[in-house]
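Here is the structure we will look at.
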Amino acid sequence: ATPGFFAGIQTLHNAYATMGLGDLFSPVIHAAREGIAITPFQHYLFNVVRPILTASEPARGLFAPEGAMPAIGDLFKNSDLADAFEIMSNGAFTDSEIGNAIVAGQRDSGNLTHRDLSTYEVVARTPFVVQTGGSKIHLNPLPAASGVLIGHALDQLNICDPLAIARALHSTDKARREVGSDLSKLLSTPLRQRGTTHISIIDQAGNACSVTVSNGEGNGELVDGFGFMLNNILGEEDVNPHGTRDWPTNVRLSSMMCPTLIEAADGAIVALGSGGSSRIRSAMLQVMLHHCAEGASLADAVEAPRLHIEGNHLDFEGFFGNRLTGELCKLFPDHRSWSEPNMFFGGVHAARLDAMGNFSGIGDARRAGAVVHVE
């Protein structure tokens, strides 16, 4: 699980960016050094993952120096992270003090080496493309699990009916468990993954960028002197079903992350994606169905109630009405109803540029999403 996100950022920057890395990093360097006011959502998340954020002395010193998590409105500073951003703004990462600290921080039990960092390569892949409601949807391809699983479910659906969605998600979940980690088997027949952040951007020229990055929940250990944790992805069953004792080596990790681009039938371009671990695929599926197949606005598609199937268990936001709720519960006796929209069901953040050049967007309130229009 070699850290490769910055290498990806560099590759995109070299190919498409019009501003220097120093200019792009300047706002986040300032935010880390001068501090940000803790929002209610950040306060909630800090307490959800408190055991991880206090698992080591350096982490406790950063996140809970007085013993308590930062309160809403507190100013939170991370000067070490600002130092890391300074180094990255100069185009360095793996061959810098950051790379040295990552390798050294593993002590004697680590598997990540300087060679892993220096030989990491960014791979450009052809998207997995499906058609729905006249729209062409570009999904994350293998080795990511998301695109194949979403495509498998979409092929069984042409309406945005909660019961049909539940059956399709259940069928896809069952198929995935049958093929194990070899998801390519789902492509050999007709088609019928917490601390994840997504950003969708579209500019006036129609350039669209959809980026998802995950730290899992963090591994509890700060990279010495640089204010961030490495991920805990190898411990996530959804991504690494082999477990920590028998993970595959020298292969790309799979992922449920699914940054997506849509070419709509009316000429619009949509960039979207979500956090949410295993719920990413169900969140993205339902938003795409609402928007592409049903014609709902992007905001309505994101705000619509969601459901998720895993194993034979159903989770759903309890706003489908009495009749549908009763039928869903009958179909899945093992179920849980959520009394309000919740971050459990992902956070789909989307940007749209229509054929007339008008912008719109939606940040999913489930994960405190926000939309910014920059002139």
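Within the stretch 150-170, none of the residues are farther than 23 Å from ALA296 by Cα and open to solvent by less than 10 Å² (accessible area, probe 1.4 Å). Applying the set (1) open to solvent by 10 Å² or more (accessible area, probe 1.4 Å); (2) outside any helix (DSSP H, G or I) to HIS291 leaves exactly one unmet item: (2). Of the helices (runs of 4 or more DSSP H) lying entirely inside the stretch 1-116, those carrying at least 2 residues that are open to solvent by less than 40 Å² (accessible area, probe 1.4 Å) are 5-16, 21-34, 50-53, 57-63, 79-89, 97-104.
Put simply, of THR94, THR119 the only residue that is among the β-branched types (Val, Ile, Thr), in contact with a helix residue (DSSP H, G or I) (Cβ under 8 Å, 6 or more places away or on another chain) and either closer than 21 Å to ARG252 by Cβ or modelled with pLDDT under 90 (or both) is THR94. Can you spot a residue in the stretch 130-142 that is under 19 Å from the mean Cα position of the chain (by Cα) and more than 20 Å from LEU253 (Cβ to Cβ)? Checked the stretch 130-142: at least one residue is under 19 Å from the mean Cα position of the chain (by Cα) and more than 20 Å from LEU253 (Cβ to Cβ).
Here the stretch 196-213 is the region considered, the condition is being open to solvent by 40 Å² or more (accessible area, probe 1.4 Å) and not in a strand (DSSP E or B), and the residue that is nearest to ILE233 (Cα to Cα) is ASN207. Picking from residues in the stretch 355-366 that are of a type outside the set (S, T, N, Q) and open to solvent by 40 Å² or more (accessible area, probe 1.4 Å), the one that is nearest to ALA271 (Cα to Cα) is PHE359.
Give the stretch 120-149 a look and list any residue that's open to solvent by 40 Å² or more (accessible area, probe 1.4 Å) and in a strand (DSSP E or B), or say none. Of everything in the stretch 120-149, those that are open to solvent by 40 Å² or more (accessible area, probe 1.4 Å) and in a strand (DSSP E or B) turn out to be VAL129, GLN131, LYS136, HIS138. Scanning the stretch 220-233 for residues that are part of a loop (DSSP other than H, G, I, E, B), modelled with pLDDT under 85 and touching a Gly at 6+ places or on another chain (Cβ under 6 Å) turns up at least one hit.
Checked against the criteria, SER278 counts as open to solvent by less than 50 Å² (accessible area, probe 1.4 Å), modelled with pLDDT under 95 and either of a type in the set (Lys, Arg) or touching a strand residue (DSSP E or B) at 6+ places or on another chain (Cβ under 9 Å) (or both).
When the strands (runs of 3 or more DSSP E) confined to the stretch 294-353 are screened for residues that are modelled with pLDDT of 95 or more, open to solvent by 20 Å² or more (accessible area, probe 1.4 Å) and closer than 30 Å to HIS373 by Cα, those reaching at least 1 such residues are found at 347-353. Among residues of the stretch 249-265 that are more than 23 Å from GLY206 (Cα to Cα), those with a beta-carbon under 8 Å from a residue that is open to solvent by 60 Å² or more (accessible area, probe 1.4 Å) and of a type in the set (S, T, N, Q) at least six positions away or on a different chain give the pairs SER254/SER181.
The values are calculated or read from the model by the stated rules, or taken from the named source; none is laboratory data. Quantities reported herein were computed from a predicted structural model and do not represent experimental measurements. Reconstructed Cβ throughout: ideal geometry from the backbone, glycine too, with neighbour counts over all protein chains shown. With ligands, DNA and RNA removed, areas are computed over all heavy atoms of the protein, side chains included. Shrake-Rupley method; radii C 1.70, N 1.55, O 1.52, S 1.80 Å.
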